[in-house]
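To start, the structure itself, in structure tokens.
The values are calculated or read from the model by the stated rules, or taken from the named source; none is laboratory data. Keep in mind that this is a model prediction, so the values were computed, not measured. Note: ideal-geometry Cβ built from the backbone for every residue, glycine included; neighbour counts use all protein chains shown. Only protein heavy atoms, including side chains, enter the accessible area calculation; ligands, DNA and RNA are left aside. Shrake-Rupley method; radii C 1.70, N 1.55, O 1.52, S 1.80 Å.
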Amino acid sequence: MSRRNWYLATNSVVLGWFVLTLVAVGVHRFVDRPLWLLVHVPMLGAVTAAILIWSQHFTDTLTRRAAPAGRVGLGLRLGLQTAGALAITAGMLLDAIVPVLVGAGVLSLAVIAHAVELLVQLRAALPARFAPLVRYYVAAAVVFLGGIALGAMMAASHADGLADRFVGAHLVLNAFGWIGLTALGTLVLLWPTVLHARVDEAADADARRALPILLAGLVIAAAGPVVGVQPVLAIGMVVWLIGAVLIGVAGARQARAMPPGTFAGYSLAAAYGWLVVAAAALAVHALAAPDWATLHERYLAALPPLIVGFAVQIVAGALSYLLPVVAMGSPAAAKAGAEVLDRGAVFRVVALNGSIALYLAPMPSLARVLLSFVAAGVVVAFLILVIRALVVGRRVRRGEGAEPDRSPAVALGTPSTQPPAPPRRRTGAVAAAVLVLALCVAGGVGADPAAVGISTTAQGEVVPSGDTTEVTVKVSGMRFVPAVIPVPYGDRLVVRFENTGTDVHDLTFANGVRTERLAPGGSQTVDVGVVGAGFEGWCSIAGHRQMGMELTVAVVGAPSGAPTASAPTGGPTPGADALSAAEDIDLEKQPSAGFEPWPAALEPAPDTRVHRVTLHVKEIVTEVAPGVRQTRWTFGGTSPGPVLRGTVGDTFEITLVNDGSIGHSIDFHAGSLAPNQPMRTIQPGESLTYTFTADLAGIWMYHCSTMPMSMHIANGMYGAVIVDPPDLAPVDEEYLLVQGELYLGPQGETADADRIATQLPDLVTFNGYANQYVYRPLTAGVGDRVRVWLLDAGPNTPSAFHIVGGRFDTVYREGAYQLRRDDPGGAQVLALEPAQGGFVELAFPEAGDYSFVTHRMSDSEKGARGIVHVG
């Protein structure tokens, strides 16, 4: 294959990933992990493929040595990278861990081979001033392996507390390590080459000094999430920025001497700027965010536009320069292709970077959608121009009868023999791009003016009075004080929110302005905007609004015809039903192939008389029915929480550690003691020890007792303590079923507190997942003695446990036998109110599948059923 065709073939992989990135932009709203998809398709795909191709090309140039494995080696590495990235993407979208781990292994193999190849070339390099720049590529590959390992570990763990922290290290190593180091090392020479400028005299020395600084910053920043200290992450990013700025200073000197005038030059400069902005933003957020979950939420929300600004733009800028040089076949074809790729350069760069900057600003959702279309349109235009450039280059090459491989080599750091194109008029292109962006913003604001703090009346936009109303809002119990904020018409409202309560709270206003989540004692001041109509404010933490944490902003002195404030209704949020994951319930669907049910089989009570257990509060996103995912608050990462079992007289010493983002507590029904201290709510990062003696037999509920209790229980915070009766006989099989209700919020979010108040659940489950024992039946043998413990965790509906085709000869309910095996009668149902429990025993007379249900049949049809397979 000719050199030209080789570069076209390999870079078609990059362009293919660009196309998949556009597909991801189009479908991300319809998948379970939209943000993951938007980040990883371009990063694992287009950018990583471009790095493998072009860092190899530059290494060949800088070391003056061909790669030992040649084109075959690079082709194999690209194949492994493509296969690994596709496997990881498919596994994440299908919630299947095996493809993710296999894909991570395959991708790691490609990166290891890449690093070894470059290292061999570096050691055999002929003396050259800039050969040490290859160390950037080798270091980037080593760092990337750590990022891949962290990503695989987070995917396998399903622990949100771990993910909130480790995603920071994963991001640092991948974005600022793998891509950042590669980009910075390449820009040292590519930047002056694109500018047709002389390489700065201090460029090589600056690059040598910068690499250890950059690596030190990466190590420190990645250590911050691992040790759980946010300021360490911030310090690491500041150190990294010092190294990046050291390289940027030389680039700035070159740009002053020879300003950029092409799409490639503009794009590389903008990409470097976004890289620095992204690093600085991460450092600031690491210092300002109150916890890892908040840091995760804030920074990841801004990550997709930052990726487009840096990673996608640097690849597009580099390819705009490199493809004509190496893939057009002759100098004349290269010039013609470069001219095509430079069409509309100023408009495209201003439109792309302007849309990113505006997207990150407070904007209505419609404006963000329109701005996303602008950015996607620029990427589409780049792909079209690449194809057009190849067609034009081919025509020129045919017209001049050139041989296929007369493309000039890329002489990095050597100014072109051709003078740069004369400066072109840019005012019109800039004005056109600004007009497009202004129309996007105006369209979004016009459709939703409240989203940017513009209040309107029926008569039009509010005329500001020029005055400011300042108010302090405090917390008393589960109420805001004051509950009504009077504001003169047209005044700007500034609110200082002081959390004087005992739990984490925030203050959210209907126009979109909100405070951070504040721990007790915290405070924050927010500018609510100019007020022309009344609206509500509330605490957005799940269940708090329903407990009464609402206030009203009331307009005073409004002109005739202007709308006035209405009192808080306390009812469901408008549109909540349309967002509920209940619409996605399909109990005929099957869970994924790797689905593992909650382990219902019980182990006997341990011999120890003192049971010491640590329960970590974890907030996880998990599936509760096929295709239905919710954020669940859990004890120990599962709902129900771990089963505690002992005998009468045993002591239980429980340490509760709150790794969540809001206050939680624990209440053990099996113990008898004053609740003030052991059942108190503890804030994130705090812990307490709860000790009780189990002096009465039975199955006892434990649960979070933080208000609103119904919300905390319905969202997963419950479990069972089994204290064996003294005469409990051994059986062949023993199972635990905990009935619970789910009141679904939107996909991936917490339960809907308004739905909980209706006492009409969307799903009713045994052990937290609808119909899970239909998909994965419990087992027993013919004639086996089977005991099934039951607990109704509620929070609202009773249970009537029944096994179709089975009859109970033993019934134990709320600490007492209601039926024993030698009694003449039998039972068909174990009836339980919320928080009650007991067990039943039976033997199955013949082989078959015996369904078990709650005989409140509508609840059974909502997921409270399963099968005992008798063999």
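Normalised by the number of residues in the range 190-321, the mean separation of alpha-carbon contacts (under 8 Å, six or more apart) gives a relative contact order of 29 percent. On a 0 to 90° scale, report how tilted helix 292-307 is relative to the longest principal axis of the chain, with both axes built from alpha carbons and the result rounded to the nearest 10. Helix 292-307 sits at roughly 30 degrees to that axis.
Alpha-carbon geometry of the range 158-257: the Rg and the Dmax are 15.8, 52 Å, given in that order.
Over the range 599-700, what number does the Rg to Rh ratio reach, with both radii from the alpha-carbon atoms and Rh per Kirkwood? Reported Rg/Rh, Kirkwood definition of Rh: 1.00. Rolling a 1.4 Å probe across the protein heavy atoms gives the range 474-530 an accessible surface of 40 Å² per residue. For the chain, relative contact order (Cα pairs under 8 Å, six or more residues apart, normalised by length) works out to 7 percent. Using the Karplus relation 6.51 cos²θ - 1.76 cosθ + 1.60 with θ = phi - 60°, the per-residue 3J(HN,Hα) values for the range 621-628 come to 9, 9, 7, 10, 6, x, x, 10 Hz, with x marking Gly and Pro. Translational D (Stokes-Einstein, µm²/s) of the range 656-788 at 37 °C and 0.692 mPa s when Rh comes from the Kirkwood sum over C-alpha pairs? The estimated diffusion coefficient comes to 191 µm²/s. Over the chain, dividing the summed -39,500 (n - 2.57) contributions of all DSSP H runs of at least 4 residues by the number of residues returns a 222 nm mean residue ellipticity of -14000 deg cm²/dmol. Equivalent-ellipsoid semi-axes for the range 36-175 (Cα gyration tensor, √(5λ), whole Å, largest first): 30, 16, 11. Note on the chain: lysine pairs with Cα distance below 29 Å, sequence gap of 8 or more or different chains, count 4. Candidates Val513, Phe347, Gly627 compared by Cα position along the dipole of the chain: farthest toward the positive end lies Phe347, with charges placed on Cβ. Taking 1.002 mPa s as the viscosity and 20 °C as the temperature, the Stokes-Einstein diffusion coefficient of the chain based on its alpha-carbon Kirkwood radius rounds to 70 µm²/s. For the range 788-871, the share of alpha carbon pairs falling in successive 5 Å distance bins from zero is 3, 15, 24, 24, 19, 11, 3, 0 percent. A quarter of the convex hull surface defined by the alpha-carbon atoms of the range 584-658 gives 6.6 nm² as the mean projection. Under the convention that each Lys and Arg Cβ holds +1 and each Asp and Glu Cβ holds -1, the size of the dipole of the chain around its Cα centre is about 5120 debye. For Arg787, the residues whose amide H sits under 5 Å from its own are Glu733, Glu734, Tyr735, ignoring neighbours fewer than 5 places away on the same chain, with H placed 1.01 Å from N.
In terms of overall dimensions, the range 189-313 has a Cα radius of gyration and Dmax of 16.1, 47 angstrom.
Per-atom-type breakdown for the chain gives carbon and sulfur 61% of the accessible area (1.4 Å probe, protein chains only). Of all beta bridges that DSSP places with both ends in the chain, some 70 percent have antiparallel geometry. Axis of helix 3-27 versus longest Cα principal axis of the chain: the two differ by about 40°, to the nearest ten degrees. Ranked by the mean number of other Cβ atoms within 10 Å of their residues, highest first, the peptides 803-810, 672-679 come out as 803-810, 672-679. Within the range 1-50, the proportion of Cα pairs with more than 15 Å between them is 48 percent.
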